[in-house]
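Right, one structure below, let's go through it.
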Amino acid sequence: MSTDRLADLRAEISDLNQRLLDLVAQRIAKVGEVRALKAELGLPMFDPMREARMFEELVLRHAGGPLSEAEIRAIFRPIFEISLAHMEGRASGELRVSRLPGEPDRQIAIGDARLGGAIPPTIIAGPCAVESEEQIEAVARAVAALGFEFLRGGAFKPRTNPDSFQGLGIEGLHLLRAAADRHGLRVVSEVTGPRELEAMGGLVDLFQVGARNMANYELLKELGAARQPVLLKRSFAATLDEFLLAAEYLAKFGARDIALCERGIRTFERETRFTLDIAAVPLLKQKTALPLIVDVSHAAGRRDLVLPLAKAALAAGADGLMIEVHPFPEAALSDAAHQLSIEAFARFVEEMRATLSIRDDARFP
Ligand code: PEP
Ligand code: MN
């Protein structure tokens, strides 16, 4: 009877399903053994080459079979993903950068400087762009004298207008490094493409990925693989999910030290250059344990809002601030409208110290 035959076939298919599931479970158990071995050998859990080779192998062996290459990939991609999640001790679908239940804030150590965790807010200060030795020396001296540890300065500047000042390039980085070293500071500077990465090694302590490059996935992969500490800025057109997925690229490809930076998003409001997304601060702190910096300078695009927005950012739970400082802001080659003079920066710090009772753990050094 054909209905019996149908029942038999269905039973066989159920049996095959069960065997497939058992095989996947066996595969995951085997992956657990690989995990233990890799941990022992200090090898990264994710190996993109290995994944590519496994796909190739499967496609080759199935040549002439009924499944297309695309179908083979569609079947195995989720199996690989789930196995990798198990290998990394995550539930599948959960991001590597997700805050685990009960996980305290993560902290990044750069030399003896710290970012994130239950410590006083970190201030990353410095000019928009390195312009000269005198300029960066004056700012470095002030940043160190005020007790801060991180000096920023753009050398490779991603400018909206190609005719605008593009930065001094590697020469600027050398000036920045030298000024930082004279004052015992850590260097934060933007990397705009995979090509510059190698040349920047040794000159930069914390690699900034700018808003315009947040979704430059090739750069994120290279930076991750280089295992360099990264300060990832949110694109002004990115949702928080997109922002966290960009951080996920860094984590997946090997980055261990990732800090996030909210720097304002584009809205219809024109009074400010961007709109500081203050809700992003508690939301990001809920979603991840990564250190979170708020760049109030670029968000506002105007000097007079730096102080109130900085207070708001720390009150909302940010781990630190980025502030642009220039000896002669009006003459700055970029972002003249929002950089603080050295005197204004010192007043800003004083004012922040006076008002920081808003957060128990928020005490400037
Ligand atoms: C910067 O910090 O130098 C910068 C260019 O900022 P953003 O990428 O946030 O525009
Ligand atoms: Mn700037």
Ranked packing of 314-324, 251-261, most packed first, by mean Cβ within 10 Å: 314-324, 251-261
Glu242/Ser68 FRET efficiency (R0 22 Å; Cβ-Cβ; nearest 0.05): 0.10
Spin-label pair Glu40/Phe165, simplified geometry with 7 Å Cα→Cβ offset, distance in nm: 5.7 nm
FRET efficiency, 1/(1 + (r/R0)^6) with R0 22 Å, evaluated for Met49 and Leu20 via beta carbons: 0.25
Bins of 10 Å from zero: percent of alpha-carbon pairs in the chain: 5, 22, 29, 19, 11, 8, 4, 2, 1, 0
Reachable lysines, given that their alpha-carbon falls under 24 Å from the alpha-carbon of Lys233 and they are not under 8 places away in the same chain: Lys157, Lys221, Lys252, Lys285, Lys287, Lys311
15 Å Cα-Cα reach of Lys38 towards aspartates and glutamates, excluding residues that sit fewer than 8 places from it in its own chain: Asp47, Glu88
Rounded to 10°, Cα long-axis angle of helix 133-145 versus longest principal axis of the chain: 80 degrees
Length added when fully stretched, Arg27-Glu88, from 0.36 nm per residue minus Cα-Cα: 20.5 nm
Cα-based shape type of the stretch 85-236, given that a ≥ b ≥ c are square roots of the gyration tensor eigenvalues and the cut on a/c is 1.5: oblate
Using a Förster distance of 41 Å, the FRET efficiency for Ala178-Phe268 (Cβ separation, nearest 0.05): 0.40
Relative contact order of the stretch 2-94, defined on C-alpha pairs under 8 angstrom at six or more residues apart (%): 35 percent
Net lengthening on full extension, Leu283/Leu9 (0.36 nm per residue, minus Cα-Cα): 93.5 nm
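Rule-based calculations on the coordinates, nothing more; no lab input. Source: prediction; values computed, not measured. For neighbour counting, all protein chains shown are included, and Cβ atoms are generated from backbone atoms with ideal geometry for every residue, glycine included.
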